[in-house]
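This is the structure, below, for whatever I ask next.
The values are calculated or read from the model by the stated rules, or taken from the named source; none is laboratory data. From a predicted model like this one, the values you see are computed outputs, not experimental measurements. Every residue, glycine as well, gets a Cβ built from its backbone with ideal geometry; the counts of neighbours run over all protein chains shown. For the accessible areas, the whole protein counts, side chains as well, though only heavy atoms, and no ligand, DNA or RNA atoms are used. Shrake-Rupley method; radii C 1.70, N 1.55, O 1.52, S 1.80 Å.
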Amino acid sequence: MLEHGGRLRAAARQFEIPLADWLDLSTGIAPYGFDLPSVPGEAWLRLPEVEDELDAVARDHYGVASLLPVAGSQAAIQALPRLRRRSQVGIVSPCYGEHAEAWRREGHRLSEFSEGSVPRALDHLDVLMVVNPNNPTGRLLSPAQLLDWHARLAERGGWLVVDEAFMDATPEHSLAVHSQLPGLIVLRSFGKFFAMAGARLGFVLAEADLLQALDRMLGPWSVAGPSRFLGRALLADSASQQRQRQRLLADTERLAQLLASQGLAPTGGCALFQWVVTEEANMLHEFLGCQGILVRRFRYPSSLRFGLPPDEAGWARLARALTLYQAIRG
């Protein structure tokens, strides 16, 4: 069973620290969000309606001609493998583990490799899966590189699937504007940048025929009415998005500097997290857990992913814990 960040109740039980006393840095979700409008009562009372203008607002936001709202990009990750016959699938790894799990579950042949191996592997693949920026490494591939890989796959009816869950702070690197190309599928998350993970909203950007097939598979009312209402409001609020983008970029640089000052220079990162490869990952994860600070541990490679603290108290608490850790280890 795959592990994910955000399992705060499990950590509270493990370390015997009350839930309210934790600083959760284990997810790549923005720790602060937007001013939310009040959800109208009818959003709870009525079935969701696709004529509510969410699609139009989202198309304008992403600059695309066609898209499909889904119950978080996770819904698309699990459904897309069902739209192809058994295929040879390559995944640029390490990355978010649900991608490999979804394709494997549906009986596809799977290989995982580094980005440097992609050019040699492409001629043997039907599908290439890339997370960009990558999770957990933060590695960002250029649109030109990805479009070149897509062109080689599309010649044979193949797919390039690009998970852009962490792209919102750097939209200039997105492939969204190219998503009308046959065989190019772009996944966008709403919850991470907008700090609305609980809304379970995401978008699939692709050509219309593929979206129609995916829509039929997922069935009606796949996104809840309140989530559609909030998505429409926040996607239209460009001024707040710009403020959020600036704050996240400033805070991730601050986090990188804090970690480096404690001998934990990040190996990679993006606007929503920093990634530290260290042989001490297990020990540091345990130590921070004992301090009521939850970070995301990865076993291969041995590493930790640090999310952004939500406020000055959180920054001070993390700094104190890291300072204490360095003092204890010598």
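State yes or no: is R109 modelled with pLDDT of 95 or more and either crowded, with 22+ Cβ neighbours inside 10 Å or basic (K, R) (or both)?
Answer is yes for this residue.
Specify which of the listed residues (A256, A265, A239) is part of a helix (DSSP H, G or I) and surrounded by fewer than 16 Cβ atoms within 10 Å (Cβ to Cβ).
A239
Now, a different point. Suppose we filter V177, V130 for residues that are buried (at least 23 other Cβ atoms within 10 Å of the Cβ), β-branched (V, I, T) and either under 20 Å from the mean Cα position of the chain (by Cα) or more than 21 Å from R86 (Cβ to Cβ) (or both); which single one remains? Outline the logic, then answer.
On the way: V177 fails: buried (at least 23 other Cβ atoms within 10 Å of the Cβ).
Only one candidate passes the filter, namely V130.
I29 versus (1) assigned to a helix (DSSP H, G or I); (2) crowded, with 16+ Cβ neighbours inside 10 Å; (3) out of contact with any Ser or Thr (no Cβ under 8 Å at 6 or more places or on another chain): which is the lone unmet condition?
(1)
For the subset of the range 40-86 comprising residues that are among the polar types (S, T, N, Q), in contact with a helix residue (DSSP H, G or I) (Cβ under 9 Å, 6 or more places away or on another chain) and assigned to a helix (DSSP H, G or I), which member is most open to solvent (accessible area, probe 1.4 Å)?
Filtering first and then ranking leaves Q78.
On to the next question. Might you check whether a residue that is part of a loop (DSSP other than H, G, I, E, B), open to solvent by 20 Å² or more (accessible area, probe 1.4 Å) and touching a Phe, Trp or Tyr at 6+ places or on another chain (Cβ under 8 Å) occurs anywhere in the range 278-300?
Kept after step one, since they are part of a loop (DSSP other than H, G, I, E, B), are these residues of the range 278-300: 278-280, 291-292, 295, 299-300.
With open to solvent by 20 Å² or more (accessible area, probe 1.4 Å) added as a condition, the list becomes 278-280, 291, 299-300.
Of the ones still in play, those that are also touching a Phe, Trp or Tyr at 6+ places or on another chain (Cβ under 8 Å) are none.
No: the range 278-300 contains no residue that is part of a loop (DSSP other than H, G, I, E, B), open to solvent by 20 Å² or more (accessible area, probe 1.4 Å) and touching a Phe, Trp or Tyr at 6+ places or on another chain (Cβ under 8 Å).
Taking into account only those residues within the range 1-26 that are small (G, A, S) and over 21 Å from the mean Cα position of the chain (by Cα), which is surrounded by the fewest Cβ atoms within 10 Å (Cβ to Cβ)?
A20
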